[in-house]
Structure formats: C-alpha cells, structure tokens
Amino acid sequence: MPVELHLPDLPEVPIALGPARGRAPRPPMPWHLRLRDLVSSYLPLLLMALLALFTWWLVKNSPVAPPALEPKVLRHDPDYTMEQFSIERFEPGGRLEARLAGSTMRHFPDSDRIEADDVRLRAIAPDGRITVARAQRAISNGDGSEIQLYGDAHVVSGEGGPDPIEMSGEFLQLYVVAERVHSPLPITVLQGGAQISAAGLDYDQGTRVLQLAGPMRADYPPRPAK
C-alpha cells in the first residue's frame, strides 16, 4: 500500500550573494591621464605628419634657379645705315684727328665693323702732316683707327708738303693712329716723278721709311742736262 509522508513547511531563508570572485573593478582614470595616454599613442604619427608638412613647405618656398639663357647670336646684318655720311674724330684736347666721309655707311653689331662706299679720308698727324685716302669701298673697326681700302685704293702721305708719297692699288690697309700703310698685294708708288711697282709695301709715315716687296720695277725721270 502506498505510504504518504507529510513534511513540515520550511521557512524561506534569504541568501546573500557576496562579491564575485576575481579582480576588483578599476576605478575610472582621471581625464588628464587619459589625454596623456592618447597623445602618447598618436605622437609618432603627428611627428611624421609635421615633418611631411615642413618638407612640402620647404620645397614650395625654396628659390628656383633661373633657366640658363641661351647666348644671343648676332646676325651679320647692319643695325643702322647712313647716306652721305661724315664722321669726325677728335683727340682729348679738341684737335681734329680724322674725318671719314662717303656715300653710304653700314654698321654691323656682331663685329662692330663699319662698311662704307665711295670713301674719302683725311687724317692729320700731331705734327700737322696730312694723309688723304680714297677707295670704292672701305671696312673700318669701331673707332676708325684701322681702315681697309678696296677697289682703286689711293693714299697720299704728306699732302701739301715737300715730296709727298702716293700709293695706289686694289687693296691698302691704313693704320691711322700708328701712321702706317700696308698692302700684301701689288701696288704702285709715286714720289718726286719716280714710279715704283712692287708686290707689296709697308710704309711708316712717322719715320718715312718705305719697305717694298719684290719683284719690283722702278722708273725714274731723266736727270736734267748740265
């Protein structure tokens, strides 16, 4: 036969739960310590960004070398032309040294040369000796101290004085300051009625020394009968 047991009702006892076993919860960190940790974590990245920004600024503001200028090549073209021109040169004291005139003059800046047509020159030495010259064409340096005469060139040294010397040829080079006449080409010299033909000459007007290159031929006028 089944047996029924009746147990008395037990009173309810409250159970108090204690703290969980393990590490205790950390207290909250002050704000300034959290900021320090944040800055420390991102400091390398900030430094790299600042370095890159400084490098960009330095490259942007560095002076740039100017591009190399190509040398300007002067063409052999006249920069000015004169018609019926006349050029005079004076010494510092005001004395007229030379006067160059002609029909047309062209100046070339690449060589500082002057080319002229139908040239006429008159030069006066310090002692008063006068030299005159003419030619179909002439080439002179910038200051007119050296003149090359081409085509029917003719130079008279000591014009108006006793025994002037006349030199003629297709080319004569006149050194106005040095007072010399030079030619490597055939020339003709006239003086005192005598005529001399030579393959070239060099004449010093100051010392009146004439050097002729051979072959030469000289014709002298007959002496008057006694």
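The values are calculated or read from the model by the stated rules, or taken from the named source; none is laboratory data. The shown structure was predicted, so the numbers you read here are calculated from the model rather than taken from an experiment. Positions of Cβ are generated from backbone atoms using ideal geometry, with glycine treated the same way; all protein chains shown enter the neighbour counts. These area figures cover heavy atoms from the full protein model, side chains too; ligands, DNA and RNA do not enter into them. Shrake-Rupley method; radii C 1.70, N 1.55, O 1.52, S 1.80 Å.
Scanning region 157-215 for residues that are open to solvent by less than 40 Å² (accessible area, probe 1.4 Å), assigned to a loop (DSSP other than H, G, I, E, B) and more than 17 Å from Ala133 (Cα to Cα) turns up just one, Ala199.
For (1) modelled with pLDDT of 80 or more; (2) over 22 Å from the mean Cα position of the chain (by Cα); (3) closer than 30 Å to Glu179 by Cβ, each residue gets a yes or a no:
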site	(1), (2), (3)
Val59	no, yes, no
Asp77	yes, no, no
Thr81	yes, yes, no
Gln84	yes, yes, yes
Arg89	yes, yes, yes
Pro92	yes, yes, yes
Arg99	yes, yes, yes
Met105	yes, yes, yes
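Being touching a strand residue (DSSP E or B) at 6+ places or on another chain (Cβ under 9 Å), touching a residue at least 12 places away in the same chain (Cβ under 8 Å) and over 23 Å from Ala125 (Cβ atoms) is a property that Ala153 lacks.
Looking for something modelled with pLDDT under 90 and closer than 30 Å to Tyr220 by Cβ - is there at least one such residue anywhere in region 131-154? Looking through region 131-154, none of the residues is modelled with pLDDT under 90 and closer than 30 Å to Tyr220 by Cβ.
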